[in-house]
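S.K.: Provided herewith is a single structure, encoded as structure tokens, for subsequent inquiry.
The values are calculated or read from the model by the stated rules, or taken from the named source; none is laboratory data. These figures come from a predicted structure and were not determined experimentally. As a convention, Cβ positions derive from the backbone with ideal geometry for all residues, glycine included, and neighbour counts pool all protein chains shown. For accessibility, only protein heavy atoms count, side chains too; no ligands or nucleic acids. Shrake-Rupley method; radii C 1.70, N 1.55, O 1.52, S 1.80 Å.
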Amino acid sequence: MIANNNFAEENIVTENINENIQKPVEEKPQKIVLDVKSVYDSLNIKNKIDYSIFQKAYLGYVQITNKNPGVLIIIDYSKPSNEERFYVLDLNKKKLIYSTRVAHSKNSGLEIPLQFSDDPNSYQSSLGFFVTLGEYNGAYGYSLRLKGLEENINANAEDRAIVIHGGNIVEDDYIKRYGFAGRSLGCPVLPYSLAKEIIDFIKHGRVLFIYGNDEEYIDNSTYLSKLAAVFEGSPKNIVEIEKPSEIQKTSPTPPVTTVATTTTINHPAATVLGDKKENINRETVIAEANITKIHEIIKQEAKYTNNVNNNKVSYTELLKDVIQERNNKTSKIKENIENKKTNEENNDNQEKIVEQTITDNSLETKQESETTVQQNENIEENKKEERKYPEEVIKKSLGLEIKLK
């Protein structure tokens, strides 16, 4: 009906909303050569961090794409807990920012952790690469969430509630009293006096590498297993690696056709990458576009209503006719259903009346039969009473015949 008039065709509006939908990042390997030793020397950390440990941390850091670059955090669990083994490096300024103690988990070892796990309730420390998330105030005060990046090594960090927080078990007084730091339930624990300051510096996407005495870690590591040959023998100063480079793909959404109050939307799958990337709310965009088009339709309706001729028909009136037609059909269907229901009820009532009549007739017939039987019995009794026997028979039945003789 709409296609047969000019006005309806003018109100079919196609809205093209070119929306950049983010798709998963396509990682194209790119070979790069890294002079790891030069970076190490520039940081002036020779007396703090062993080069072989820094080499592993830096080679993994370079490969991690979803990071906030410029800062590298290293925990060296090969050292005892009473020594400084938590390091924060500013790679841009080429400077060691923090160096302090950090506690390990109670089931990993006493002074030096030797056992590591990612299993829930293991109460052991986890190794490998993490990225820092957001800060919060929890049961242990100001804390920092961690996200493990290596499957079967530390990927359960969030589920295990492994966070960085402060504690007195690594303060100087505790160390002087017991000779070594206390142990946690799985979290790296910093001194209370430094915890907030360090957390604020390393939060939101910084890379953390935790190293420990575990020979199997390199073979299972997501980032270091393919570089196992590099770590054999003497540490290499210059290393060639394949670094994934991000290629962000975007695609426009299909056209969204809006006809008055009816909207057809084709939704593509959208993937959000990165904490700072935000999804575009498609429903809001489409709703705003539809409101704009509705206003245009109303204006056009007013224009065409004032200039009605045989070739142009009011679109609003067409809509009203369609709605009225549907309402009429609905009313007729509803009326037919109600009539059918009424007829069924009437049929049921008639059947009940017939059954009642049959029942009443049966009762009357039964009563008449009982009355007839009773009358017959009474007649028989009356006959018995009226029956007369000869005198001899009566005497004989009474035993009087003998006496008479």
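S.K.: Which numbered condition trips up residue 126, out of (1) crowded, with 20+ Cβ neighbours inside 10 Å; (2) out of contact with any Gly (no Cβ under 7 Å at 6 or more places or on another chain); (3) of a type in the set (S, T, N, Q)?
M.R.: Among (1) crowded, with 20+ Cβ neighbours inside 10 Å; (2) out of contact with any Gly (no Cβ under 7 Å at 6 or more places or on another chain); (3) of a type in the set (S, T, N, Q), residue 126 violates only (2).
Results for (1) in a helix (DSSP H, G or I); (2) in contact with a strand residue (DSSP E or B) (Cβ under 7 Å, 6 or more places away or on another chain); (3) open to solvent by 90 Å² or more (accessible area, probe 1.4 Å), shown as yes or no for each residue.
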| residue | (1), (2), (3) |
| --- | --- |
| 193 | yes, no, no |
| 204 | no, yes, yes |
| 208 | no, yes, no |
| 213 | no, no, no |
| 218 | yes, no, no |
| 227 | yes, yes, no |
| 233 | no, no, no |
| 241 | no, yes, no |
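S.K.: Next up: Return the residues of region 96-120 that are farther than 19 Å from residue 207 by Cα, open to solvent by 10 Å² or more (accessible area, probe 1.4 Å), touching a residue at least 24 places away in the same chain (Cβ under 8 Å) and part of a loop (DSSP other than H, G, I, E, B); say none if nothing qualifies.
M.R.: Across region 96-120, the qualifying residues are 106, 110, 111, 112, 114, 119, 120.
S.K.: Residues being among the aliphatic types (A, V, I, L, M) and closer than 18 Å to residue 231 by Cβ: count how many of those fall in region 73-94.
M.R.: Qualifying residue count for the region: 1.
S.K.: Also, I was wondering about something else. Within region 76-97, is even one residue over 21 Å from residue 175 (Cα atoms) and of a type in the set (S, T, N, Q)?
M.R.: Yes: one or more hits.
S.K.: May I ask you to list pairs of residues, at least six apart or on different chains, whose Cβ atoms are under 6 Å apart, with the first in region 210-233 being touching a residue at least 12 places away in the same chain (Cβ under 8 Å) and the second being loosely packed, with under 12 Cβ neighbours inside 10 Å and part of a helix (DSSP H, G or I)?
M.R.: Here the result reads 218/228, each pair linking region 210-233 to a residue that is loosely packed, with under 12 Cβ neighbours inside 10 Å and part of a helix (DSSP H, G or I).
S.K.: Quick one: would you say residue 92 is more than 14 Å from residue 211 (Cβ to Cβ), within 30 Å of the chain's Cα centre (by Cα) and not hydrophobic (A, V, I, L, M, F, W, C)?
M.R.: Answer is no for this residue.
S.K.: To continue, here is another question. Would you confirm whether any residue within region 86-95 is assigned to a strand (DSSP E or B), under 14 Å from residue 48 (Cβ atoms) and open to solvent by 20 Å² or more (accessible area, probe 1.4 Å)?
M.R.: Yes.
S.K.: Right, another one. Being farther than 15 Å from residue 75 by Cα, of a type in the set (Gly, Ala, Ser) and either in contact with a His (Cβ under 8 Å, 6 or more places away or on another chain) or in a strand (DSSP E or B) (or both) is the filter here; which residues of region 127-154 pass it?
M.R.: Result: 134, 138, 141, 143.
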